[in-house]
1. Could you look at region C:10-125 and say what percent of its accessible area is carbon and sulfur, using a 1.4 Å probe and all protein chains?
2. So with the 1.4 Å probe, I'd like the accessible area per residue for region C:5-122, rounded to whole Å².
3. For D:Asp44, what accessible surface area do you get with a 1.4 Å probe? Give it in Å², rounded to 10.
4. So how do C:Leu41, D:Leu96 rank on accessible area, 1.4 Å probe, biggest first, that is with the largest at the start?
5. Just reorder C:His24, D:His7 by solvent-accessible area, largest first, 1.4 Å probe, all chains present.
6. Using only the alpha carbons of region B:72-126, what is the convex hull's orientation-averaged projected area in square nanometres?
7. Beyond 17 Å, what share of the Cα-Cα pairs of region B:51-97 remains, rounded to the nearest whole percent?
8. Taking a point 7 Å out from Cα toward Cβ as the label site, list the nm distances between B:Glu30 and the same residue in every other copy, smallest first.
Number of protein chains: 4
Amino acid sequence: MTEESSHAKGRTAWYIPDAYIPPHSSGELESHESICVLNCLTEDAEIRVTIYFEDREPIEDIQATVPGRRTRHIRTSSLSKNGETIPVGVPYAISLESSVPIIVQYSRLDATQPANALMTAIGYFG
Amino acid sequence: MTEESSHAKGRTAWYIPDAYIPPHSSGELESHESICVLNCLTEDAEIRVTIYFEDREPIEDIQATVPGRRTRHIRTSSLSKNGETIPVGVPYAISLESSVPIIVQYSRLDATQPANALMTAIGYFG
Amino acid sequence: MTEESSHAKGRTAWYIPDAYIPPHSSGELESHESICVLNCLTEDAEIRVTIYFEDREPIEDIQATVPGRRTRHIRTSSLSKNGETIPVGVPYAISLESSVPIIVQYSRLDATQPANALMTAIGYFG
Amino acid sequence: MTEESSHAKGRTAWYIPDAYIPPHSSGELESHESICVLNCLTEDAEIRVTIYFEDREPIEDIQATVPGRRTRHIRTSSLSKNGETIPVGVPYAISLESSVPIIVQYSRLDATQPANALMTAIGYFG
């Protein structure tokens, strides 16, 4: 199998250095981030998320599943482990490991002002 | 042919995990997404688009053509198969397969508010 | 030389499928796009830009130079060949070929509304 | 070690061609840029930043450290060498070299208008 074909459907390790849940919302929409996962294969993707901080130990092994031939746009505010969630207004970073190749894109909607701002990036893949 | 030169003009498989047609528009511009394709070769690119959802089977084999030495900025709202189009206000994801190497960039204009928001990413390539 | 080290300072072929000069500006800033080039080497980068359209032949071999150990943020509205410039309000795409490895990032400021929108992407490299 | 696994945790050379500190802010937030670094390894990452300009010699060897298993979102306005900082309102570019593999994402918040604009990109890696 050539290198190209082996990555044709994605990668198993993904990284997003710039994550941040804006603490405020105004106007019609709510500030949020999404980790958008595409699983083109037929098997489910079992994903383990790690959250890195500036000043404390990471939160490791948060679990998520994306069924085969489905996408999931996972709100970062929905991730939790042992009742712990990601704090708002704090710079952090994300890594994901998946049981099967996936593609990961990160997007943020900042609705601090009634006029929204958007940003997106395909993650770095290992 | 080296690996670099073989990809000099693009790739044949592209993926965009974060797609979404904003349901509302206000102000002067209309909310929309574009799949921007560049075909640097002389042959036409025959493209098959697959649309992945969170909760149902993909729509497969939507056809599009980008002539040789041309770009096309394809509005996602213009894609259809057997009369079925992509619903607005629903998170989805996109994959493209092309008969020849192309380059794919995805952009969204969100005009939910009169003050617009923009985001863009070069797709993931397989 | 390993593959990694051979690309440590950039690539010689770059592609941006989604280019567009917004025709309107309001507020304090002017709508514009920039092709941002970084040349980390000591030699000048002699660059040839090609502009691809949806419905006509490309404009080829527009010349630009980025000196060694310098960046240039080139406004697309400043590019011209034989007096021909890029029309505003028209979807187009860009390719660049450089005499030495460079890194290319594309950014757009849309000031159609007084509240601006920004988007950026590192180009696809061949 | 395969190519994939050798880059699983990042790269040691990163480049961001489009950097710019907006000179004005209005509304609730302040215009700024961040170089967001993720260090997944256990060792500290010792980073040397170079700032490239359009019309003068680079500022080289600005030092920064990102501890192991931590992220840092470094405001570009906080970088300095011998008391020299990055001027606002001037197009520039950034390169980073790290003692260990890291992942780098660049983001800009433009609050020139009360309604903010955001852009982000994973850097180019050498």
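1. Percent of accessible area from carbon and sulfur atoms in region C:10-125: 44.
2. I get 36 Å² per residue for this part.
3. Rounded to the nearest 10, that gives 80 Å².
4. So the residues, ranked largest to smallest area, are C:Leu41, D:Leu96.
5. So the residues, ranked largest to smallest area, are C:His24, D:His7.
6. 5.2 nm²
7. Above the 17 Å cut-off, region B:51-97 has 37 percent of its Cα pairs.
8. In nanometres, ordered from closest: 3.0, 3.0, 4.2.
The values are calculated or read from the model by the stated rules, or taken from the named source; none is laboratory data. Only a predicted model underlies this, so the values are computations on that prediction, with no experimental measurement involved. Please note: Cβ atoms are built from the backbone with ideal geometry, for glycine as well, and neighbour counts cover all protein chains shown. Just the protein is used for accessible areas: all its heavy atoms, side chains included, with ligands, DNA and RNA removed. Shrake-Rupley method; radii C 1.70, N 1.55, O 1.52, S 1.80 Å.
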